[in-house]
Amino acid sequence: MSGKQAKRELRRQREAARERVRRKQRQQTLFTGVVILIIVAVGGVIIYLSARPPVPEELAAGASETGASEGVSEAASESVIPITERPVACGGELPRAAGRRKPTFDEPEQITREGNDYRAVITTSCGSINVDLLEGQAPETVNSFVFLAQEGFFDGLAMFRNASTIGALQTGAGTNEAAFDIGYTIPDELGAAEDDGYPPGTLAMANAGPDTGGSQFFFVYNDQFELPPQYAVFGRTDAEGRRVLSRIGRIPTLGADAQPTDPAAEAPARVAWIESVQITK
């Protein structure tokens, strides 16, 4: 090999070595950029999850507890006194049926008949609530309610939850806990809710999602209920009934200053009990 050839070969080797170095540097730069993008993306997700507002909670029924809900199950808690050991609201007495185990059912019997106008008198320790049932707008819901009432299912149950942030009193659970499951579900009948919303005096079904209504229901006792029409409205009470509901709604909870996820935050310190539910037509 001549001297010129040897120089050219040396230059070629040097250039190849420099190209390998440049290629390695480009690979390192690309890798570093990918790592930075991943870190930024993960950090953004963490910031989003920590900064976003809490999802509105529902009036849950027949579902396991997920924390609070603008309806939650009243789980065991050191801050929650057993419901039968709390004072009875409004100077009343503990109903004879309080604390008794309630039955479950495979399905409701067909009780209501077309053409009849059904009403309910719900007698509580704080007074009677007269309800005009909306059998025309919510026939399956009204039939289920009438069936359970005639079985005596509601007698001795508590208004176990006061969701004061939305002005709702929840009841109808056989164990006085939102996780209670009656054994069947009824479809959502949302016509009345879509037409008129949830003004004070409204009687509506609690649920754990679409078409999961059962035995649990709630009364709206003030004008703070602003949730969308996802709970079947099946009755409305009169002015006297609204006064009774307002009286119950003013009862403080066991944990007025507790966090929303604490069951005591919505557990009434004095309990309004359902003494009986009478159906008329």
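Below, the figures for the structure above:
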{"item": "Condition met for E226 (assigned by TED's automatic domain parsing to the domain that holds G201 and touching a Lys or Arg at 6+ places or on another chain (Cβ under 6 Å))", "result": "no"}
{"item": "Residue within the stretch 189-198 that is touching a strand residue (DSSP E or B) at 6+ places or on another chain (Cβ under 8 Å), modelled with pLDDT of 95 or more, under 18 Å from G167 (Cβ atoms) and of a type outside the set (G, A, S) present", "result": "yes"}
{"item": "Flag if F145 is assigned to a helix (DSSP H, G or I) and in contact with a Phe, Trp or Tyr (Cβ under 9 Å, 6 or more places away or on another chain)", "result": "yes"}
{"item": "Number of the exception - Y221 against (1) within 18 Å of F160 (Cα to Cα); (2) in contact (Cβ under 8 Å) with a residue 60 or more places away in the chain", "result": "(2)"}
{"item": "Tabulated pairs, the stretch 101-113, first within 17 Å of T280 (Cα to Cα) and in the same structural domain as D181 (by TED's automatic domain parsing), second of a type in the set (A, V, I, L, M) and outside any loop (DSSP other than H, G, I, E, B), C-beta under 8 angstrom, 6+ apart or interchain", "result": "I111/V146; T112/V142; T112/V146"}
{"item": "Set P200, P228: member being assigned to a loop (DSSP other than H, G, I, E, B) and more than 14 Å from the chain's Cα centre (by Cα)", "result": "P200"}
{"item": "Selected residue (criterion: surrounded by the fewest Cβ atoms within 10 Å (Cβ to Cβ)) from residues of the stretch 233-281 that are modelled with pLDDT under 95 and β-branched (V, I, T)", "result": "T261"}
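The values are calculated or read from the model by the stated rules, or taken from the named source; none is laboratory data. From a predicted model like this one, the values you see are computed outputs, not experimental measurements. Every residue, glycine as well, gets a Cβ built from its backbone with ideal geometry; the counts of neighbours run over all protein chains shown.
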